[in-house]
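Okay, so here's the structure we're looking at.
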Ligand code: NAD
């Protein structure tokens, strides 16, 4: 155990340069109690997604980043600093590889064996790559997804509709606010009352109902009045969802964001909240079987709503795969959210672009928000998001912002931010990064690459190339992970973060990284045969050798 961690603020360096101060502050920010779900265990979000392997590793990383030179690179192997090598000023200051296993060994039991032996950790996506910014990070993606659902089925708005989902954790907690931002009503099932109340404190959830009857009464009233409202109810999704189906509650949209990717992080029916972690640790096999059986019941209820005409989708947590393992044959009857709603955006190199103000000053984010509105005056959904985010998003840890930008847009924003640091419009440098859930940085057949047009779902060369490209382009830190989002054995993904410190060198690196990184998304989708990506590549000048005359 250690003292609560909080990133340094202001313009005073604690490391030797901003290129090392930035990863240092972002590592510490990931573990800020305001940001992390279980900071005492180094767990940031997503089940057991950690920022460092153990406290000695955390302290060693901190020490090394404090002294690291501008021609040195720190190597981090699954959360543990293993070496400092001499490189050069364009090289990343930190290279991170998390949770990677040789494919035949890539199973949860083997991973857990190695984890228990102290040899690896689960890095999730932005936990182990130090660019988690709290629930806001997922909010925009969730907002985009529900907006796409509204477009597809409900005439462009969720007003007068009821969405039922579960899970109010680090990511799942974004769901109620994303639904109300689209003017809908949300009922969210969460088994841990503390989690539910935390979301109310952070203004992501409007209220927690005392029981299911009252929750149903409140959401039905709001739906009738077409009044946006989000209500949490404490219970087990595998019990409450079938109950809602049995009672004939009229639900329009059903999804889920419990930590289903890890059967030990999903509470099975009949297990008390207080016994959960002890039981899972002592009897992981038995717990996994029970958890999968419960997920099968959970998904059976989702299928009941599907059969009744509701819009039903898997929200990227492997719930269908686990439910199938638990005996639910029809688990894959409903789609994942990427093929259903997000892939057209990926074809444009669009994805979760985010930045954090190292100053700690919310005024810096307000200034960047204004800059985004000025840079993209014709993008109405983007403008709507930035305005709503400014009004409704409470910062956790260092102030940060996210918005989805595409190829040809991200580098413009990055360069503008760098100019603002140089001119003093921002009081300190910013870091610019993204989720690994992006257009060209992930292979994940149950999520980002589900149902690719050419069947290339499981081809994992793309995230490897992405990490190499960002390393070659000047990113400040680059990470390559396995198993994020959907669990061990099911995904490979890469991340990058680049600091804008106001120098000309930083501008050159930003220009390359923020062009090439989304460029990977365009060329990945051209390669898979998407016409939209072909068009974007042709219009915006992405060179594709196999398309050359
Ligand atoms: P988390 O562990 O912080 O939260 C999960 C929540 O589910 C917890 O609050 C837990 O109490 C609750 N829960 C577990 N079992 C339950 C049950 N049976 N009934 C009701 N509640 C239950 O995880 P998170 O960060 O919120 O992520 C949730 C899932 O979404 C993960 O599987 C993650 O990998 C996935 N994910 C999806 C996306 C996306 O874009 N769609 C992005 C990142 C992560």
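The values are calculated or read from the model by the stated rules, or taken from the named source; none is laboratory data. As the structure is a computational prediction, the values presented were derived from the model and not from experiment. For neighbour counting, all protein chains shown are included, and Cβ atoms are generated from backbone atoms with ideal geometry for every residue, glycine included.
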**Fill in**
Filtering segment 169-188 for residues that are over 14 Å from the mean Cα position of the chain (by Cα) and under 17 Å from residue 46 (Cα atoms) leaves a count of 0
**Fill in**
If you go through 174, 186, 178, the only one that is crowded, with 24+ Cβ neighbours inside 10 Å, near the ligand (Cβ under 10 Å from one of its atoms) and under 22 Å from residue 335 (Cα atoms) is 174
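When you check residue 233 against the structure, is it surrounded by fewer than 22 Cβ atoms within 10 Å (Cβ to Cβ) and touching a residue at least 24 places away in the same chain (Cβ under 8 Å), yes or no?
No, not satisfied.
Restricting to segment 141-168, what's the tally of residues that are under 16 Å from the mean Cα position of the chain (by Cα) and within 18 Å of residue 259 (Cβ to Cβ)?
4
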**Asked** Within segment 282-387, which helices (runs of 4 or more DSSP H) (wholly inside it) include 3 or more residues that are within 16 Å of the ligand (Cβ to nearest atom) and surrounded by fewer than 21 Cβ atoms within 10 Å (Cβ to Cβ)?
**Response** 284-307
**Request:** Name the one entry in 430, 442 that is touching a residue at least 24 places away in the same chain (Cβ under 8 Å), away from the ligand (no atom under 16 Å from the Cβ) and buried (at least 18 other Cβ atoms within 10 Å of the Cβ).
**Result:** 430
**Complete:** Among the residues of segment 132-154, the number that are modelled with pLDDT of 90 or more and within 12 Å of the ligand (Cβ to nearest atom) is 5
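Among the residues of segment 94-109, are any more than 22 Å from residue 490 (Cβ to Cβ), touching a residue at least 24 places away in the same chain (Cβ under 8 Å), surrounded by fewer than 17 Cβ atoms within 10 Å (Cβ to Cβ) and touching a helix residue (DSSP H, G or I) at 6+ places or on another chain (Cβ under 9 Å)?
The answer is no, given that none of the residues of segment 94-109 is more than 22 Å from residue 490 (Cβ to Cβ), touching a residue at least 24 places away in the same chain (Cβ under 8 Å), surrounded by fewer than 17 Cβ atoms within 10 Å (Cβ to Cβ) and touching a helix residue (DSSP H, G or I) at 6+ places or on another chain (Cβ under 9 Å).
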**Selection status of residue 9, away from the ligand (no atom under 16 Å from the Cβ), in a loop (DSSP other than H, G, I, E, B) and modelled with pLDDT of 95 or more** = yes
**Request:** Could you tell me whether residue 18 is closer than 19 Å to residue 358 by Cα and away from the ligand (no atom under 16 Å from the Cβ)?
**Result:** yes
**Fill in**
So the helices (runs of 4 or more DSSP H) completely within segment 171-278 holding 2 or more residues that are in contact with a helix residue (DSSP H, G or I) (Cβ under 8 Å, 6 or more places away or on another chain) and at pLDDT 95 or above are 174-181, 212-224, 237-246
**Message:** Which of the numbered conditions does residue 516 fail, given that it passes all the others? Conditions: (1) farther than 18 Å from residue 91 by Cβ; (2) in contact with a helix residue (DSSP H, G or I) (Cβ under 7 Å, 6 or more places away or on another chain).
**Reply:** (1)
**Prompt:** Somewhere in segment 193-206, is a residue within 9 Å of the ligand (Cβ to nearest atom) and either within 16 Å of residue 162 (Cα to Cα) or surrounded by fewer than 17 Cβ atoms within 10 Å (Cβ to Cβ) (or both)?
**Reply:** yes
**Asked** Got at least one residue in segment 531-545 being assigned to a loop (DSSP other than H, G, I, E, B) and in contact (Cβ under 8 Å) with a residue 40 or more places away in the chain?
**Response** yes
**Request:** Identify, by number, the condition in (1) within 21 Å of the chain's Cα centre (by Cα); (2) more than 26 Å from residue 140 (Cα to Cα) that residue 455 doesn't meet.
**Result:** (1)
**Message:** Looking only at segment 308-320, how many residues end up being farther than 22 Å from residue 150 by Cβ and at pLDDT 95 or above?
**Reply:** 2
**Request:** For residue 487, state whether it is crowded, with 22+ Cβ neighbours inside 10 Å, more than 16 Å from the ligand (Cβ to nearest atom), touching a residue at least 12 places away in the same chain (Cβ under 8 Å) and within 29 Å of residue 400 (Cα to Cα).
**Result:** no
**Prompt:** Under the condition of being under 25 Å from residue 513 (Cβ atoms) and touching a strand residue (DSSP E or B) at 6+ places or on another chain (Cβ under 6 Å), which residue from segment 45-67 is nearest to the ligand (Cβ to nearest atom)?
**Reply:** 51
**Prompt:** Between residues in segment 264-275 that are within 15 Å of residue 47 (Cα to Cα) and residues that are more than 7 Å from the ligand (Cβ to nearest atom) and part of a loop (DSSP other than H, G, I, E, B), which pairs lie under 8 Å by C-beta distance while being six or more apart or on different chains?
**Reply:** 265/48
**Prompt:** In segment 242-255, is there at least one residue being outside the structural domain of residue 108 (by TED's automatic domain parsing) and within 10 Å of the ligand (Cβ to nearest atom)?
**Reply:** yes
**Request:** Search segment 155-170 for residues being modelled with pLDDT of 95 or more and assigned to a loop (DSSP other than H, G, I, E, B), and hand back the single one that is surrounded by the most Cβ atoms within 10 Å (Cβ to Cβ).
**Result:** 168
**Message:** Looking at segment 28-44, can you tell me whether even one residue there is in the same structural domain as residue 97 (by TED's automatic domain parsing) and on the phi > 0 side of the Ramachandran plot?
**Reply:** yes
**Asked** What residue, among those in segment 81-92 that are without any contact (Cβ under 8 Å) to a residue 40 or more places away in the chain and surrounded by 13 or more Cβ atoms within 10 Å (Cβ to Cβ), is nearest to residue 26 (Cα to Cα)?
**Response** 81
**Message:** Looking for something surrounded by fewer than 24 Cβ atoms within 10 Å (Cβ to Cβ), in the same structural domain as residue 87 (by TED's automatic domain parsing), closer than 30 Å to residue 258 by Cβ and in contact with a helix residue (DSSP H, G or I) (Cβ under 9 Å, 6 or more places away or on another chain) - is there at least one such residue anywhere in segment 60-71?
**Reply:** no
